[in-house]
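J.: Below you will find the structure I want to go over with you.
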Amino acid sequence: MPSFLRKFFLPISVIALLAIIVFYAREPFGEWLFEKGIEAKKHWQTEKAVDYFTWASRLNVRKYEADFEKAVCLQLPGEFIKSQAEFEKLLAESVVNQKLHSKILNANGVNLFSQNLPDKALESHQEALKIARLIGDKKLEAESLVNLSRVLYHAKGKFDEAEKHLENALQIGRELNEEIIIADALRNLGVVFWWGKGELDRPLNDFYKPALELYRKHQDKRGEAMMLSN
């Protein structure tokens, strides 16, 4: 091959080789970014987590899950409007599966409630609950019941209705051995009995202390902080 042709084809070959490497490395690298995001989220390094999930999404690796986790990490430090905007983009995607759709509705309900929009929050949690039951996902059902109950007792004063939902969630949590769900249900039941029914002693021993132990067991800092506040 003439030298001038070698000079021409060599850069093209290098570029093609790099393109092949990038193509095959994209998925494992994207998975690594996603897992790093989960790890950062667990340790409340939310800014780092947002960056990891953003890049995982750009690489089109677990895109919708990455976008969901990014929105959750915006929500955790209180950026509810930004988080809501991300969730609404996802809700507009017709390809999002039902399970993720339910999780998005639940999480966005928290944003709406935090912006003092309880009626919209209720609608979001109720729709999430409907989907969870439709697809037979008991864990999602319990999470939806807990979130729904929080709006009912806090914004609507419907303590009896909230209690029924929480008892149901607690039962599901115990059946599945999902200890964070158990803790969430106990914590909210404690609020219902203390605030709604005027019981001052029972909530501490029957609900708050057991919930705190479970949050600490699972190193759930957010749950522990809320429990200590209660």
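The values are calculated or read from the model by the stated rules, or taken from the named source; none is laboratory data. As the structure is a computational prediction, the values presented were derived from the model and not from experiment. As a convention, Cβ positions derive from the backbone with ideal geometry for all residues, glycine included, and neighbour counts pool all protein chains shown. Heads up: the accessible areas ignore ligands, DNA and RNA and are worked out on the full protein's heavy atoms, side chains in. Shrake-Rupley method; radii C 1.70, N 1.55, O 1.52, S 1.80 Å.
J.: Relative contact order (percent) for the chain, with alpha-carbon contacts under 8 angstrom and 6 or more residues of separation?
T.: 9 percent
J.: Among Q75, Q126, Q45, which one moves the most in a GNM of the chain with springs linking Cα atoms closer than 10 Å?
T.: Q45
J.: Kindly report, to the nearest 10 Å², the accessible surface of R222 as traced by a 1.4 Å probe over protein heavy atoms only.
T.: The value for R222 is about 100 Å².
J.: Tabulate in residue order the Karplus-calculated ³J(HN,Hα) for segment 32-38, using 6.51 cos²θ - 1.76 cosθ + 1.60 with θ = phi - 60°, rounded to whole Hz; enter x for Gly and Pro.
T.: Couplings: 4, 4, 4, 5, 5, x, 4 Hz.
J.: For every helix of n ≥ 4 consecutive DSSP H residues, a contribution of -39,500 (n - 2.57) applies; sum these over the chain, divide by its total residues, and give [θ] at 222 nm rounded to the nearest 500 deg cm²/dmol.
T.: Computed ellipticity for the chain at 222 nm equals -26000 deg cm²/dmol.
J.: Let me ask another. Pairing the Cα long axis of helix 80-91 with the longest principal axis of the chain, what angle in degrees results, from 0 to 90 and rounded to the nearest 10?
T.: Roughly 70 degrees between the two axes.
J.: Another question about this same structure. Assuming 1.002 mPa s and 20 °C, estimate D for segment 84-217 with Stokes-Einstein, Rh taken as the Kirkwood radius over Cα pairs, in µm²/s.
T.: This corresponds to a translational diffusion coefficient of 142 µm²/s.
J.: Are any of the pairs K48/K82; K36/K70; K99/K120 more than 18 Å apart by Cα-Cα distance, and if so, which?
T.: From the list (K48/K82; K36/K70; K99/K120), the Cα-Cα distance tops 18 Å for K99/K120.
J.: Pull out the extension gain between K99 and D206, defined as 0.36 nm times the separation in residues minus the alpha carbon to alpha carbon distance; nm, one decimal.
T.: My answer for the length gained is 35.3 nm.
J.: Related question: What base-10 log of the normalised intensity I(q)/I(0) is obtained for the chain from the Debye formula, alpha carbons as equal point scatterers, at q = 0.10, 0.13, 0.17 Å⁻¹?
T.: The calculated log intensity ratios at q = 0.10, 0.13, 0.17 Å⁻¹ are -0.53, -0.82, -1.28.
J.: Next question, about the same structure. Quick one: if the Förster radius is 30 Å, what FRET efficiency do W44 and L134 give, using the C-beta to C-beta distance and rounding to 0.05?
T.: 0.35
J.: Taking the 0 to 90 degree range and rounding to the nearest ten, how far is the long axis of helix 46-58 tilted relative to the main principal axis of the chain, both from C-alpha atoms?
T.: 50 degrees
J.: Please identify, among N188, N106, N205, the residue showing maximal mean-square fluctuation in a Gaussian network model of the chain using a 10 angstrom Cα cutoff.
T.: Of N188, N106, N205, the Gaussian network model singles out N205 as fluctuating most.
J.: Shifting gears a bit: Two-decimal Rg/Rh of segment 141-230 from alpha-carbon positions, Kirkwood Rh?
T.: With Rh from the inverse mean 1/r over Cα pairs, Rg/Rh is 0.94.
J.: Then there is this: In degrees from 0 to 90, rounded to the nearest 10, what is the angle of the helix 138-155 Cα long axis to the longest principal axis of the chain?
T.: With rounding to tens, the tilt is 60 degrees.
J.: With θ set to phi - 60° and the Karplus curve 6.51 cos²θ - 1.76 cosθ + 1.60, what are the ³J(HN,Hα) couplings of segment 206-212 in order, to the nearest whole Hz, using x for Gly and Pro?
T.: Computed from phi, the couplings for segment 206-212 are 8, 10, 5, 5, x, 5, 4 Hz.
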